[in-house]
Amino acid sequence: MTEPSRRYASVDVLRGVTVAAMLLVNDPGDWGHVWWPLEHAAWNGCTPTDLVFPLFLFIVGVSIALAIVPRVEAGAAKAPLRRAALGRAARIVGLGLLLNVVAWLAIPDAHLRLPGVLQRIGVCFAAAALLAVYARPRMRDVLFVALLVGYGLVLSLAGMEPWTNGVSRVDSVVFGPFVYAIDPATGRGHDPEGLLATFPALATTLLGMRAGAWLRAGNVRALLVAAIGCLVAGAVTQWIWPFNKNLWTPSYVLWTGGWSFALLLVVHLLADRRGWRLPGRAFGVNAIAAYAGSGLMVYVLIALGIAPWLYRVAFASWMTPLFGPYVPSAAWGVAFVAVWWLVVRWMDRRGIYLKV
């Protein structure tokens with residue numbers, strides 16, 4: 001029997017650490033000098049940075065299992081749950097579109113983009129929440145397998161090469177020039193948060209829902225077995241579909257899912273079972289506010305021309321002669337995270353929680 005719904009410190013901590021990692025990898029001082037662990041793989045491969053976004057979607061699934069599923073099991077009316085979930089998803093998507101518009105206006109020579117990180121989070125949250133309300137756990141598990149198998153077949157048939165793969169072709173047709181990148185030689189577009197790749201991203205969210213169910217049940221062994229099983233399955237299937245965040249390949253879902261299970265297990269044992277006060281909670285309880293607020297801050301600094309000057313004076317001018325160009329670039333990112341940690345820490349101490 002599962003225990004009643006309650007707030008798990010481990011989930012807030014892990015969500016917060018993930019948001020802090022997002023800020024760190026999104027905000028180096030110099031994009032020309034970024035340490036490889038803080039960069040995404042150029043195409044195939046999986047760096048530590050490539051674990052961040054799927055971990056966040058995994059935690060979205062865990063949160064749904066802890067917040068929505070117990071209400072459904074308790075017999076709550078489904079229509080209000082559906083409306084609340086879709087309303088929140090629409091606000092997340094809208095906020096992502098707003099950030100894209102601000103970036104377009106603030107960054108010189110930028111073009112307007114429609115997909116984005118928050119847009120994918122909103123869509124995955126909406127789909128997973130509806131499945132939490134209307135589908136049984138076994139049906140969600142079947143859908144997870146179907147998503148991976150079906151998407152894997154699409155990749156096998158349509159190819160996985162940059163620009164010419166079927167996923168990018170669909171994004172080019174659906175979004176036209178409003179994608180992340182456009183190949184100047186062919187005019188083809190690609191977006192790492194595009195349409196088709198959102199389906200396997202939903203599979204990542206469903207993995208999180210399964211983890212959340214085991215977390216409620218106190219089934220630590222299941223989390224451990226799932227971590228090992230997903231890591232092994234990901235390592236095996238990457239010989240068919242290489243790890244690839246841009247395409248969100250089935251092996252990438254399994255590999256990052258395995259690490260997500262493992263991290264959730266470790267943090268659960270330390271924070272929930274042993275009561276350790278781990279860092280990350282302040283970011284975790286204001287996750288979307290920190291992500292969106294930090295993005296707006298960056299765009300304002302760029303628009304005002306302050307960012308390059310500040311980086312040069314405060315970091316690069318004296319660090320580069322001593323340590324080379326990579327240290328000041330990383331130090332800027334660390335300082336940026338520290339500034340926002342102070343912001344969310346202040347908000348947490350005063351009970352200010354911005355919900356989208």
In region 305-356, how many residues are among the basic types (Lys, Arg), free of Cβ contacts under 8 Å to residues at least 12 places away in the same chain and assigned to a helix (DSSP H, G or I)? 2
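Residue-wise test of (1) closer than 17 Å to Pro54 by Cα; (2) under 20 Å from the mean Cα position of the chain (by Cα); (3) at pLDDT below 95.
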| position | (1), (2), (3) |
| --- | --- |
| Gln238 | yes, no, no |
| Lys245 | yes, yes, no |
| Pro250 | yes, yes, no |
| Ser260 | yes, yes, no |
| Ala271 | no, no, no |
| Arg277 | no, no, yes |
| Gly280 | no, yes, yes |
Can you find a residue that is more than 21 Å from the chain's Cα centre (by Cα), surrounded by fewer than 22 Cβ atoms within 10 Å (Cβ to Cβ) and not in a helix (DSSP H, G or I) anywhere in region 119-135? yes
When only residues in region 322-356 that are of a type in the set (D, E, K, R) and surrounded by fewer than 12 Cβ atoms within 10 Å (Cβ to Cβ) count, which is farthest from Trp36 (Cα to Cα)? Arg350
Looking only at residues in region 77-96 that are of a type outside the set (Gly, Ala, Ser) and surrounded by fewer than 18 Cβ atoms within 10 Å (Cβ to Cβ), which one is farthest from Val298 (Cα to Cα)? Lys78
Residue under question is Gly208, and the condition is that it be farther than 24 Å from Ala103 by Cβ, surrounded by fewer than 21 Cβ atoms within 10 Å (Cβ to Cβ), touching a residue at least 60 places away in the same chain (Cβ under 8 Å) and not polar (S, T, N, Q); does it hold? no
Within region 303-335, work out how many residues are within 29 Å of the chain's Cα centre (by Cα), more than 27 Å from Arg15 (Cβ to Cβ) and not small (Gly, Ala, Ser). 10
Filtering region 37-51 down to residues that are in a helix (DSSP H, G or I) and either under 26 Å from Thr164 (Cα atoms) or touching a Gly at 6+ places or on another chain (Cβ under 8 Å) (or both) yields Leu38, Thr49, Asp50, Leu51
Considering only region 154-193, how many residues are within 20 Å of Gly257 (Cα to Cα) and either out of contact with any His (no Cβ under 9 Å at 6 or more places or on another chain) or among the hydroxyl-bearing types (Ser, Thr, Tyr) (or both)? 2
Total residues in region 67-101, condition over 17 Å from Gly122 (Cβ atoms) and assigned to a helix (DSSP H, G or I): 8
Within region 172-181, work out how many residues are touching a residue at least 24 places away in the same chain (Cβ under 8 Å) and touching a Lys or Arg at 6+ places or on another chain (Cβ under 9 Å). 4
Return yes or no: is Asn244 in contact (Cβ under 8 Å) with a residue 60 or more places away in the chain and among the polar types (S, T, N, Q)? yes
Under 30 Å from Gly159 (Cα atoms) and surrounded by fewer than 16 Cβ atoms within 10 Å (Cβ to Cβ): which single residue out of Trp259, Trp239 fits that description? Trp239
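The values are calculated or read from the model by the stated rules, or taken from the named source; none is laboratory data. Given the structure is predicted, the values throughout are model-derived calculations rather than measurements. For neighbour counting, all protein chains shown are included, and Cβ atoms are generated from backbone atoms with ideal geometry for every residue, glycine included.
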